[in-house]
1. Over the Cα atoms of region 116-195, how large are the radius of gyration and the largest Cα-Cα distance (Dmax), in Å?
2. Classify region 75-134: rounded, prolate or oblate, from the alpha-carbon gyration tensor (a ≥ b ≥ c, eigenvalue square roots; a/c under 1.5 rounded; otherwise prolate if a/b is larger than b/c)?
3. For a test of the definition: using alpha carbon positions, the gyration tensor, and the 1.5 limit on a/c, classify region 153-223 as rounded, prolate or oblate.
4. Let me check something: with ligands and nucleic acids excluded, how do Met123, Met180, Met199 order by accessible area (1.4 Å probe), largest to smallest?
5. Which value in Å does the Kirkwood hydrodynamic radius of region 110-159 take, with 1/r averaged over all unlike C-alpha pairs and then inverted?
6. If you count only protein heavy atoms with a 1.4 Å probe, what accessible area per residue comes out for region 164-215, rounded to a whole Å²?
Amino acid sequence: MVRKTKQEALETRHRLLDAAEQLFHERGVSRTSLQDIASAAGVTRGAVYWHFQDKVELFTAMMDRATMPLEEGLLPQEASSQPISLSDLRWGLLNVFHSCSHSERTRRVFEIAMKKVEFSGEMQALHARKLANHRAWRSQNEDCFRAAQASGQLPAGLDVSAAAIALVALVDGLIHQWIMDPDAFDLMAMGEAAIERFMDSLGRSGGALLPPVSAEERARLGTQAICRPSQDGLLIATPGSEKRGG
């Protein structure tokens with residue numbers, strides 16, 4: 001009987017997480033109550049509180065079960081806490097793209113976290129979690145690049161801090177773009193190619209592709225619209241696309 005009771009409790013927990021995932025995705029987190037989740041799971045509200053203290057704990061458990069893509073970019077550290085290799089870093093990032101592309105649950109939960117939740121009020125703790133994960137990810141990248149510098153794989157003059165931030169922005173940006181429009185490109189193929197080009201660029205020691213931004217160009221910053229209207233929405237403005245006023 002004890003085993004059966006534990007099994008039933010586990011099944012109830014999974015039903016609650018399934019219901020929360022579905023309702024959060026359909027309605028948004030703020031518009032979904034614990035009673036809504038209980039009803040969808042076919043249990044009482046009391047059963048929800050037996051498993052989860054509040055909506056934040058339920059939401060966190062839902063994310064943990066799906067393994068958030070950005071958190072998958074963090075590779076387990078060895079007991080010696082040695083920085084990971086460039087090869088391991090690349091594999092971890094490819095695993096992020098693969099999980100997004102092939103796991104419906106991971107993709108759906110990531111979409112909820114990106115588009116269906118307001119990080120305020122009771123959900124403020126989730127913003128702290130997201131910030132902590134990004135900081136840990138940047139730190140992992142920076143340690144990896146610094147170790148690669150020490151071994152001669154990367155140029156000694158490379159700004160590892162800037163490179164670490166750029167890599168997070170690249171991966172995060174690709175995932176966000178793909179979540180908004182999955183038909184626009186193949187995330188796995190595009191992600192792998194982008195990571196390879198990024199890694200290759202870090203190892204280059206040749207001259208810059210473009211000259212430094214001139215004083216005249218800097219003086220013109222902010223004098224033109226960032227976006228211009230179109231029939232389908234806003235487009236990024238290009239030099240000369242806006243008429244200057246008299």
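1. 15.9, 48
2. Cα axes put region 75-134 in the oblate bin.
3. Numbers: a/c = 2.37, a/b = 1.26, b/c = 1.88.
Since a/c reaches 1.5 but b/c is at least a/b, the shape of region 153-223 is classed as oblate.
4. Values: Met123 10, Met180 120, Met199 35 Å².
Ranking Met123, Met180, Met199 by accessible area, largest first, yields Met180, Met199, Met123.
5. On the way: mean 1/r = 0.0760 Å⁻¹.
Taking the inverse mean of 1/r over all distinct Cα pairs, region 110-159 comes out at 13.2 Å.
6. Working: 3160 Å² over 52 residues.
Normalised by residue count, the accessible surface of region 164-215 is 61 Å².
The values are calculated or read from the model by the stated rules, or taken from the named source; none is laboratory data. None of the values given here were measured: they were computed from a predicted structure. Accessible surface is based on the protein model in full, side chains and every heavy atom, while ligands, DNA and RNA are left aside. Shrake-Rupley method; radii C 1.70, N 1.55, O 1.52, S 1.80 Å.
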